[in-house]
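What follows is a short report on a single structure.
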Amino acid sequence: MELDILTVKSIIILLVFGISLGIATYSTWAERRLAAYLQDRQGPNRAGPLGLLQPIADAVKLFTKEEFIPASANKWLFIFGPSLAMLTALMSSAVIPFGSTLEIGDKFIPVQGIEVNIGVLYSFGIVSLGVYGIMIGGWASNNKFSLLGAVRAASQNISYELAMGLAIVAVLMMSGSLDLRKIVEDQHGGNWNVFYQPLGFIIFLTCAFAECNRTPFDLPESENELVGGYHTEYSSMKLGLFLFSEYVNMFVASAIVSVLYFGGYNYPGMDLVADHVPHNLATAIGIAVMFAKTFFFIFFFMWIRWTIPRFRYDQLMSLGWKSLIPLAIANIIVTGCVILLFN
Amino acid sequence: MAEKLFYFLTFLALASGLMVVVSRNPVHSVLYLILTFFSLSGHYILLNAQFLAAVNIIVYAGAIMVLFLFVIMFLNMRTHNEPMAPIWAQLAAVVSAGLVLMVLVAATKASSPALEAVADTDSFDSQIGLVQTLGQTLFSQYLIPFELTSILFLVAIVGAVYLGRREPGERNSF
């Protein structure tokens, strides 16, 4: 029986892994179609129906292009950088609870890669490691533009991590647990954290944009100042890994936003559904709801990218340090006072 | 299984710690130091102290080492322009490192009865490293040291801001 749980867990982990990659792949397609729609053009529509085979064509192109390593680059770190970026991007989805429990035999198995009671800290830790791939890649290229991109990525990441952590603290104060599953279950019955923590949600979302290096905070690769930023010297699939890891990060960030603020797999009327359909079907509906919320936030990331122009670097820093961090601290104090007064 | 993991992690920690000192390239040193922190976090997980493991990664590997790397990249130190330390400085470093080792060994030996009590598998509380236990201990038994530490951090932050602030009329040197 012990082995059975292990097998189911391995299947869940493999599924999460495959789904992260699959969603990231089709995010590239969705991003280009959406950009085209917002700019009143067609977008990729030649490869397959609606251009659905475009990501595969892109992958084939990237794999078959020339692998180029600059002569003065630090060869091993040059290869290590994009690998690390992809590795950290894929690791963080392990603790996300995608659904309630599955009933297999007489056991209830949670739809989650690993259940740890420090889930929030785990994903936060992995996110904070994400910048190493960019830093190492940018430094190892031995190019001034790459180095500037890497240095920008490092300072941006550290600055916004603080505000992000402080925004999460307010959520943790409400749930009293670091376990992502418990945070989701606390939001059962429409008690979504976003209603109690609107400011915290906005701060968290802003920081998530900065941590994923998405526009308006994509300064590490801003092409009108730094050629290509940290990936100037990269070609072929190594460049592909850098770009692709951004989409995986975007998926993970969207999933974490849904879990922390939008009730994860909770949806209105779920108790009614749970009474009338088999347990596994109810769980499946919950998983679908969770993915719908995640897709909405992925769409939101893209929507912002094609709407708001890039910040200037000093604006980015003063927004992080002078607005978001004080606001997040004020949010913690207000949350603490409310909890003290009303509980 | 746990024992094998312990030996693997210990080997990794010692080997990467050694490479921090031996590497000629400062960026490599920092990367090896990060690997050392990871193997230490592995040890914390073996001790069932998940919170400490996660915080070790977030604070040291995720923030402090990023700043280290940031500074080293900005200074752009290379192997060829790194001056060799004079022989007396090397000797002094070896002697002081040896003294630190002696103090550590002596401290471990002196506290061995207490360590044995902790290592006793029957009375060992496996929940001791979890967040709840740690939080309750910090905010009841060790409340004053904890608050004093936070004041220390506040002083350090104010000091850093004071040192880093731009004098009136001074231009940004970047």
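Since every read-out is calculated from the coordinates, none of them should be taken as a lab result. As the structure is a prediction and not an experimental result, all values here were calculated from the model. Note that we place each Cβ from the backbone using ideal geometry, even for glycine, and neighbour counts take in every protein chain shown.
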Only helices counted: for chain A, with every DSSP H run of 4 or more residues adding -39500 (n - 2.57) and the sum spread over all residues, [θ] at 222 nm is -22000 deg cm²/dmol
Output for the range A:1-91: trypsin sites (Lys or Arg not before Pro) sitting in coil per DSSP, at most 16 other Cβ within 10 Å, listed by number, reads A:ARG41, A:ARG46, A:LYS65
Taking B:7-17, A:136-146 and ranking on average Cβ neighbours within 10 Å, highest first, one gets A:136-146, B:7-17
Length gained, A:ALA71-A:SER318, 0.36 nm per residue minus C-alpha separation, equals 85.1 nm
Between the Cα axis of helix A:144-175 and the main Cα principal axis of chain A, the angle (0 to 90°, nearest 10) is 10
Partner shielding of A:127-136, as the mean number of partner chain Cβ atoms within 10 Å, equals 4
In the neighbourhood of A:PHE301 defined by beta carbon distances under 15 Å, the net charge of the other residues (Lys, Arg +1; Asp, Glu -1) is +2
With a Förster distance of 22 angstrom and the Cβ-Cβ distance between A:PHE295 and A:ILE114, calculated FRET efficiency to the nearest 0.05 equals 0.40
Computed for chain A: size of charge dipole around the Cα centre, +1 on C-beta of each Lys and Arg, -1 on C-beta of each Asp and Glu, debye to nearest 20, value 840
So, with points 7 Å from each Cα along the Cβ direction, the B:PHE146-B:VAL22 label distance in nm works out to 4.2
Label model pair A:TRP303, A:ILE56: point-to-point distance (7 angstrom along the Cα→beta-carbon line) in nm is 3.1
Inter-part gap, Cα centre of the range A:190-206 to Cα centre of the range A:232-252, in whole angstrom, is 29
For the protein assembly as shown, the count of lysine pairs 8 or more apart or interchain whose alpha-carbon atoms are under 25 Å apart comes to 15
Ordered by number, the chymotrypsin sites (Phe, Trp or Tyr not before Pro) in the range A:1-68 that occupy a DSSP loop and have at most 14 other Cβ atoms within 10 Å are A:PHE68
Relative contact order in percent for chain B (Cα pairs under 8 Å, 6+ apart) equals 19
Within the under-11-Å Cβ sphere about A:SER222, not counting A:SER222, Lys/Arg +1 and Asp/Glu -1 give a net charge of -1
Tilt, helix B:2-22 to longest principal axis of chain B (alpha-carbon atoms), in degrees rounded to tens, equals 20
Rounded to the nearest 0.05, FRET efficiency between B:ALA93 and A:LEU340 (Cβ-Cβ, R0 45 Å) equals 0.30
For the range A:49-128, shape from the Cα gyration tensor axes a ≥ b ≥ c, cut at a/c of 1.5 then a/b versus b/c, turns out oblate
To the nearest 10 degrees, the tilt of helix A:131-140 (Cα long axis) against the first principal axis of the alpha carbons of chain A is 10
